[in-house]
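Structure first, then comments.
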Amino acid sequence: MATIKPFKSVRPREDVASRVAALPYDVYNREEALEEVLKEPLSFLKVDRAETQFAKDFNPYDAKVYEKARDILQDMMKEGLLIKEGNLCYYVYELTMDGRSQTGLVGCAAIEDYQNNVIKKHEKTRADKEIDRTTHVDVCNAQTGPIFLAYRSQENINGVVAVIKKTAPLYDFVAPDGVRHTMWKIDNGSDVETIFTGFKNVESIYIADGHHRAASAVKVGLKRREENPGYTGEEEFNFFLSVLFPHDQLMILDYNRVVKDLNGLTKEEFLREVAKAFLVEEMGSEPYKPSEKATFGMYLEGVWYKLTAKPEIRSEDPVDGLDVSLLQHHLLTSVLDIRDIRTDKRIDFVGGIRGLKELEKRANGDMKVAFSMFPTSINELFDVSDADKLMPPKSTWFEPKLRSGLFIHELK
């Protein structure tokens, strides 16, 4: 059963929340991060990406960068830009994009649940990324970016959230990208107890996004335990900052593919090879977006095609049956000889938020052929995690992104 506890958040003063809130640290390259911080001096990105405070050629993993992040965080608290909550709270966090809203709960998950697989993973983590965020959390003595978790919807938790959302919000602003962020505080004792007890009835929680942040938070917690052999398990370092969404609130967008060449094949040869595993239908010049599982759009030389996986290549296996796996095994690998999409420079990926016109632009420019995907479902993600398997790379694209800096979890 899951432990999700309330906490005393460090959070922005209401009048500066919209300026402090920042997209996650890993959506920017270094130049973009610097540009963002110059544009908005209060952006929390200067904490999450403190190398923006140094010369462009300064090593972003130097100890001074993490110390700078800690100093900036402490200065923001001393200046009153960030305030410390006086009592234990949960928060409701609603994000609205393009007229669609999703509502989650902000709380702290237990590192035991991560270790014993109550909190389930579907993605490998990279050691270099883990080291970076582990050092950042440890030196700052705080978790500054929440982990995006999902769980199967619970009526009792939903009931508390629905009532709270009828009250005046703590924050309510529209970010520069058009996403609206609205937050409410839950500090009523009975409501807090209902939520805490409600999560005790949740058997499994799933990492939707933020595997590296989660792994890093757990590593810091275990390090602190070694440093404090008399720990009780109740210390803040035993928990990590999370936003948890019920499964029926979430929408996963398509994660599309573009490929640089046809592996030496002519267009006609390529189409014949594709037709061995897929039914190929020419759709014309209008972008084709798949409307059901096991179907794909393909754009090649100004023409859109619909690809339908033939019955013999489909699978009931939770990983092999994913659309991303069908395309990978029976077209990208077998026809185009792209075997490792993590390292092969001939393939690139386009998040669904960018639309199908971006696929056309890439295929007409630096690439040759594009594939539009039917989105992976949240239940497919659950099934893979429940089977203790890994999702293929670039399987899911979640939008909108959680903002960092709105809720900070101190470890002391």
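The values are calculated or read from the model by the stated rules, or taken from the named source; none is laboratory data. Remember, it's a predicted structure, so these values are computed and weren't measured experimentally. Note that each Cβ is placed from the backbone with ideal geometry, even for glycine, and that neighbours are counted across all protein chains shown.
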Out of all the residues in the range 91-108, is one or more in contact with a Pro (Cβ under 6 Å, 6 or more places away or on another chain), in a strand (DSSP E or B) and of a type in the set (Phe, Trp, Tyr)?
no
Considering only residues that are without any contact (Cβ under 8 Å) to a residue 40 or more places away in the chain and either acidic (Asp, Glu) or within 18 Å of Lys289 (Cβ to Cβ) (or both), which ones fall in the range 327-346?
Asp340, Asp344
Residues Phe296, Phe349: which one is surrounded by fewer than 16 Cβ atoms within 10 Å (Cβ to Cβ), touching a residue at least 24 places away in the same chain (Cβ under 8 Å) and not acidic (Asp, Glu)?
Phe349
Would you pick out the residues in the range 309-324 that are outside any loop (DSSP other than H, G, I, E, B) and in contact (Cβ under 8 Å) with a residue 60 or more places away in the chain?
Val324
Could you grab the pairs with beta carbons closer than 7 Å, sequence gap of 6+ or different chains, first residue in the range 53-79 and without any contact (Cβ under 8 Å) to a residue 12 or more places away in the chain, second one outside any loop (DSSP other than H, G, I, E, B)?
Phe58/Glu51
Which residues, taken from the range 353-404, are part of a helix (DSSP H, G or I) and over 30 Å from Arg133 (Cβ atoms)?
Leu356, Lys357, Leu359, Glu360, Lys361, Arg362, Ala363
Do we have Val369 as crowded, with 18+ Cβ neighbours inside 10 Å and within 25 Å of the chain's Cα centre (by Cα) here?
no
Is it the case that Leu327 is assigned by TED's automatic domain parsing to the domain that holds Pro12, of a type outside the set (Asp, Glu) and either within 16 Å of Asp254 (Cα to Cα) or in a loop (DSSP other than H, G, I, E, B) (or both)?
no
Can you pull out every residue in the range 124-170 that is of a type in the set (D, E, K, R) and surrounded by 15 or more Cβ atoms within 10 Å (Cβ to Cβ)?
Lys129, Glu130, Asp132, Arg133, Asp138, Arg152
